[in-house]
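Bear in mind these aren't lab numbers, they're just calculated from the coordinates by the rules spelled out. Please read these numbers as outputs of a predicted model, since none were measured by experiment. All Cβ positions, even for glycine, are placed from backbone atoms using ideal geometry, and neighbour counts span all protein chains on display.
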Amino acid sequence: MPARILSLALVFTLACSSPDTDGGPQGAGSRSGSVDLTGAGATFPYPLYSKWFSDYANKTGVRINYQSIGSGGGIRQLSEGTVDFGATDGPMTDEELSKAKGGAIMHFPTVLGAVAIAYNLPNFSGELRLSGPVIAQIFMGTVKKWNDPQIAALNPGAALPGSDILVVHRSDGSGTTYVFSDYLAAVSPAWASGPGRGKDIAWPTGLGGKGNEGVAGQVKQIPGAIGYVELAYATQNNLAVASIQNSSGAFVAPSIEAVTAAAAGVTAELPPNTDYRISIVNSPGAGSYPISSFTWLLLYQQQADSVKAGKLVAFLRWALTEGEKQAAALDYAPLPAAMADRLLLRLDSIRIAPAGG
Amino acid sequence: MADASAPAGASGGLGSRRRASILAGVARGDRIYQVAITAFALIIPALLVLIAIAIGIAAWPAFAAAGLSFITSSEWNVQAGKFGAAPAIYGTIVSSLIALVLATPLAVGVAIFLSEIAPKWLRQPVAFLVDLLAAIPSVVYGLWGIFFLVPMLRDHVVPFFRDTLHLGNTPLFSGPAYGPSMLAAGVILAIMALPYISAVTREVLLAVPRSQRDAALALGATKWEMIWHAVIPYARSGIIGGVILGLGRALGETMAVTMVIGNRPEISASLLAPGYTMASLIANEFTEATSDLHLSALMAVGAVLFAITLVVNGIARWLVWRVASEPRA
């Protein structure tokens, strides 16, 4: 009984926290006969997914209702079995996987995103170069001034101001924060043993902005500010972004090509039985942008409903072939072709569970 | 219920048996009405109790894990599973108090102007515009805060306090001023709470009997003395009620505050330092909270906010009751 009240409370608050979706998270699918599949999860890929779903509905008549309530909500709802698929910006942990009520959950990467380091230096033009360890120190509050010797060493000849660095980070739990902190933990032992990696970080310094728009807004407003935002936000808002030193030592500005290159660098080394819960931060390759990540769709390997399973697999086939071609236009990096081919083969491992199972 | 006599009176010419049966019908209708209306009235408190129970059950694991440190500790570290909500509790209370300090004199002043001083043709338009402040969506206040209020405070108001009034060395105005701050949140909340306080106060002042004013004027009071000594004391309990309504608005406001307060879980004496509120904390972290303890901790923050709101409303009731039971001036 307490568990039931708890889940009722959750559904209630979820419904309240996403006023733009109609009805409760599970209401839409069961109420209207015209929706064939329901999904919930990550907000970051939502612009692309919603275009995919509408194009796919026009083409095949299969309607998909997706609610961008956040990765955490997507994982919870898939685990409870109230949606047909989930979506997340950070891979599920072993603990989360073990709690899923419908058995094994498979991760399917769909597209890639990059996290750009945006800054506001009014009298500085040209390229700002940063390295992972220096970014970690800035976000830990140990590098405090823009003309710090460590920053100056990366930018020889640049006229950096002596003003304070103001750190702006996300205040809401976010896949963007996960990718960024995953990168810092990979390149800085001090970060790994300090703030660590996660969607919510106990930030040692700085201001919190809600959402990419909140961080972008504060970076734009406050001279001397530095923050991290999704690449699409930085390009659309014309924010100045730093070039980051990758594992080969090259300074790479964030771009769709550099992100796909990062994924390609990792794909080549993947074992055949990978579960695709892989991090591609600090990826090898001279052209790789180091702060990149996949975003995933989550599916049960054992599908209870054969009709839905067929539709899901057919949709993923379409998404991994036709859908990928639309990604770049919306500022998402498409998967490397070799990886998309491997994922298409992996779709065959989805099974229909025996009746009653 | 008193209406029951009306149809009976109208059918005075009918036979007594028929009249009795009509009366019986009326009585049955009354009973049905009474039961229905009682049920409706009980649904609301029942809902409140159910919400409290549901939040309490969901919050229990976090309270059990953190104990008293949940409300005394400042460490909110999701990775380490440590949840201390003190900065958010502090921020909620302080930002709401700043809002009340700024909004109350302004709102009461507007209400006095509109009910006592303004010429008739000006009353309706100004009252309408003040009420309209309550109709602006809070996310719009937030955007206005980010793009206008925060830069304005940083570039003009803070230098005024620090350099012109030389308050830079006092704890209230110390530290770097980036813009997003407790002060910005308090100012936004003041603007949002103002229409509630002023609307209630205006209605209460208009309800003060004419004779109260005439008596004061007849004793030789000036207009100001009449307002201060005869009208306001008469309306005290209503004004306090309006202020508490505004406080309730400020305590629970989420979106606009989240956008301007800086979301930093730290307790600082400086008004210029960023802070955090309970409502912002829940709104920020709920969507991506996956671990059970994290979810429970957010529910626990909700429970604390709920409790504070109840206490504030309790204090308000008591104040209104105490003021109302005093002899009026």
- [ ] Scan the stretch B:293-329 residue by residue and report those that are in contact with a Lys or Arg (Cβ under 9 Å, 6 or more places away or on another chain) and farther than 30 Å from B:SER211 by Cβ.
- [x] B:LEU295
TODO: Would you mind finding the one in B:LEU143, B:LEU189 that is crowded, with 19+ Cβ neighbours inside 10 Å and under 28 Å from B:LEU129 (Cβ atoms)?
DONE: B:LEU189
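Report whether or not A:ASN237 is within 14 Å of chain B (Cβ to nearest Cβ), surrounded by fewer than 22 Cβ atoms within 10 Å (Cβ to Cβ) and out of contact with any Asp or Glu (no Cβ under 8 Å at 6 or more places or on another chain). Don't jump to the end; show me each part of the working.
Numbers: within 14 Å of chain B (Cβ to nearest Cβ): yes; surrounded by fewer than 22 Cβ atoms within 10 Å (Cβ to Cβ): yes; out of contact with any Asp or Glu (no Cβ under 8 Å at 6 or more places or on another chain): yes.
Yes, satisfied.
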TODO: Scan the stretch A:204-218 for residues that are farther than 23 Å from A:LEU112 by Cβ, surrounded by 20 or more Cβ atoms within 10 Å (Cβ to Cβ) and more than 8 Å from chain B (Cβ to nearest Cβ) and report the count.
DONE: 0
TODO: Within the stretch A:328-343, work out how many residues are under 29 Å from A:GLN236 (Cα atoms), touching a Leu at 6+ places or on another chain (Cβ under 6 Å) and assigned to a helix (DSSP H, G or I).
DONE: 2
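Select from the stretch A:200-234 the residues that are in a loop (DSSP other than H, G, I, E, B), of a type outside the set (Phe, Trp, Tyr) and under 20 Å from the mean Cα position of the chain (by Cα) and list them in ascending order.
First, pick out the residues of the stretch A:200-234 that are in a loop (DSSP other than H, G, I, E, B): A:200-206, A:210, A:222-224.
From the residues that got through so far, the ones that are of a type outside the set (Phe, Trp, Tyr) too are A:200-202, A:204-206, A:210, A:222-224.
Once the filter is applied, which keeps residues that are in a loop (DSSP other than H, G, I, E, B), of a type outside the set (Phe, Trp, Tyr) and under 20 Å from the mean Cα position of the chain (by Cα), the stretch A:200-234 yields A:ASP200, A:ILE201, A:ALA202, A:LYS210.
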Task: Selected residue [more than 12 Å from every other protein chain (Cβ to nearest Cβ), touching a residue at least 40 places away in the same chain (Cβ under 8 Å) and surrounded by 15 or more Cβ atoms within 10 Å (Cβ to Cβ)] from B:ALA118, B:ALA111, B:ALA88 - done: B:ALA111
TODO: Sort out which residues of the stretch B:134-181 are within 12 Å of chain A (Cβ to nearest Cβ) and not in a helix (DSSP H, G or I), and write them in order of number.
DONE: B:PRO137, B:GLY175, B:PRO176, B:ALA177, B:TYR178, B:GLY179, B:PRO180, B:SER181
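Do we have B:LEU305 as more than 11 Å from every other protein chain (Cβ to nearest Cβ), free of Cβ contacts under 8 Å to residues at least 40 places away in the same chain and under 17 Å from B:ALA250 (Cα atoms) here? Don't jump to the end; show me each part of the working.
Numbers: more than 11 Å from every other protein chain (Cβ to nearest Cβ): yes; free of Cβ contacts under 8 Å to residues at least 40 places away in the same chain: no; under 17 Å from B:ALA250 (Cα atoms): yes.
No; evaluated as a whole, the condition is false for this residue.
Based on what the data block shows, is A:GLY227 out of contact with any Asp or Glu (no Cβ under 6 Å at 6 or more places or on another chain) and within 14 Å of chain B (Cβ to nearest Cβ)? Full working, then the answer.
On the way: out of contact with any Asp or Glu (no Cβ under 6 Å at 6 or more places or on another chain): yes; within 14 Å of chain B (Cβ to nearest Cβ): yes.
Yes.
Return the residues of the stretch A:109-128 that are assigned to a strand (DSSP E or B) and not hydrophobic (A, V, I, L, M, F, W, C); say none if nothing qualifies.
Once the filter is applied, which keeps residues that are assigned to a strand (DSSP E or B) and not hydrophobic (A, V, I, L, M, F, W, C), the stretch A:109-128 yields A:PRO109, A:THR110, A:GLY113, A:TYR119.
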Task: Residues that are closer than 18 Å to A:GLY173 by Cα, assigned to a loop (DSSP other than H, G, I, E, B), in contact with a strand residue (DSSP E or B) (Cβ under 9 Å, 6 or more places away or on another chain) and not hydrophobic (A, V, I, L, M, F, W, C), drawn from the stretch B:228-281 - done: B:GLY262, B:ASN263, B:ARG264, B:PRO265, B:TYR276
Open item on the list: Out of A:VAL187, A:VAL168, I need the residue that is over 14 Å from the mean Cα position of the chain (by Cα), under 25 Å from A:PRO45 (Cβ atoms) and of a type in the set (A, V, I, L, M). Which one?
Closed with: A:VAL168
- [ ] Could you check how many residues of the stretch A:56-98 are within 14 Å of chain B (Cβ to nearest Cβ), part of a loop (DSSP other than H, G, I, E, B) and within 18 Å of A:PRO45 (Cα to Cα)?
- [x] 7
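In this structure, does A:GLY157 turn out to be free of Cβ contacts under 8 Å to residues at least 40 places away in the same chain and in a loop (DSSP other than H, G, I, E, B)? It would help to see each step written out before you state the result.
Working: free of Cβ contacts under 8 Å to residues at least 40 places away in the same chain: yes; in a loop (DSSP other than H, G, I, E, B): yes.
Judged against the criteria, A:GLY157 is a match.
Scan the stretch B:71-85 residue by residue and report those that are in contact (Cβ under 8 Å) with a residue 24 or more places away in the chain and either buried (at least 18 other Cβ atoms within 10 Å of the Cβ) or more than 12 Å from chain A (Cβ to nearest Cβ) (or both). Can you show your working first?
Within the stretch B:71-85, the subset in contact (Cβ under 8 Å) with a residue 24 or more places away in the chain is B:71, B:74, B:76, B:78, B:81, B:83, B:85.
Selection gives B:ILE71, B:TRP76, B:VAL78, B:PHE83, B:ALA85.
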Task: Where A:LYS101 falls short, out of the listed (1) of a type in the set (Lys, Arg); (2) within 14 Å of another protein chain (Cβ to nearest Cβ); (3) assigned to a loop (DSSP other than H, G, I, E, B) - done: (2)
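Taking into account only those residues within the stretch A:177-193 that are at the interface with chain B (Cβ under 10 Å from one of its Cβ atoms) and touching a residue at least 24 places away in the same chain (Cβ under 8 Å), which is farthest from B:MET278 (Cα to Cα)? First the steps, then the outcome.
Our first condition is that a residue be at the interface with chain B (Cβ under 10 Å from one of its Cβ atoms); within the stretch A:177-193, this holds for A:177-178, A:181.
When the remaining residues are screened for being touching a residue at least 24 places away in the same chain (Cβ under 8 Å), the result is A:177-178.
Details: A:THR177: 21, A:TYR178: 23 Å.
Restricting to residues being at the interface with chain B (Cβ under 10 Å from one of its Cβ atoms) and touching a residue at least 24 places away in the same chain (Cβ under 8 Å), the top hit is A:TYR178.
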TODO: Hey, could you check the stretch B:41-56 for residues that are more than 17 Å from B:HIS294 (Cα to Cα) and at the interface with another protein chain (Cβ under 9 Å from one of its Cβ atoms) and say which is nearest to the chain's Cα centre (by Cα)?
DONE: B:ILE51
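So, of the residues in the stretch B:57-70 that are surrounded by fewer than 17 Cβ atoms within 10 Å (Cβ to Cβ) and over 22 Å from A:GLY194 (Cβ atoms), which turns out to be nearest to the other protein chains (Cβ to nearest Cβ)? I'd like the intermediate steps shown before the answer.
Start the filter on the stretch B:57-70 by keeping residues that are surrounded by fewer than 17 Cβ atoms within 10 Å (Cβ to Cβ), which leaves B:60, B:64-65, B:67-69.
Filter once more, so that each one left must be over 22 Å from A:GLY194 (Cβ atoms): B:60, B:64-65, B:67-68.
Details: B:TRP60: 9, B:ALA64: 13, B:ALA65: 16, B:GLY67: 19, B:LEU68: 20 Å.
Filtering the stretch B:57-70 for residues that are surrounded by fewer than 17 Cβ atoms within 10 Å (Cβ to Cβ) and over 22 Å from A:GLY194 (Cβ atoms), the one nearest to the other protein chains (Cβ to nearest Cβ) comes out as B:TRP60.
May I ask you to say which residue of A:ALA262, A:ALA268, A:ALA258 is touching a Phe, Trp or Tyr at 6+ places or on another chain (Cβ under 7 Å) and within 19 Å of A:ASP341 (Cα to Cα)? First the steps, then the outcome.
Numbers: A:ALA268 fails: touching a Phe, Trp or Tyr at 6+ places or on another chain (Cβ under 7 Å); A:ALA258 fails: within 19 Å of A:ASP341 (Cα to Cα).
Just a single option satisfies the conditions, and that option is A:ALA262.
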- [ ] Give just the number: which of (1) over 29 Å from B:ILE240 (Cα atoms); (2) in a helix (DSSP H, G or I) does B:GLN79 not satisfy?
- [x] (2)
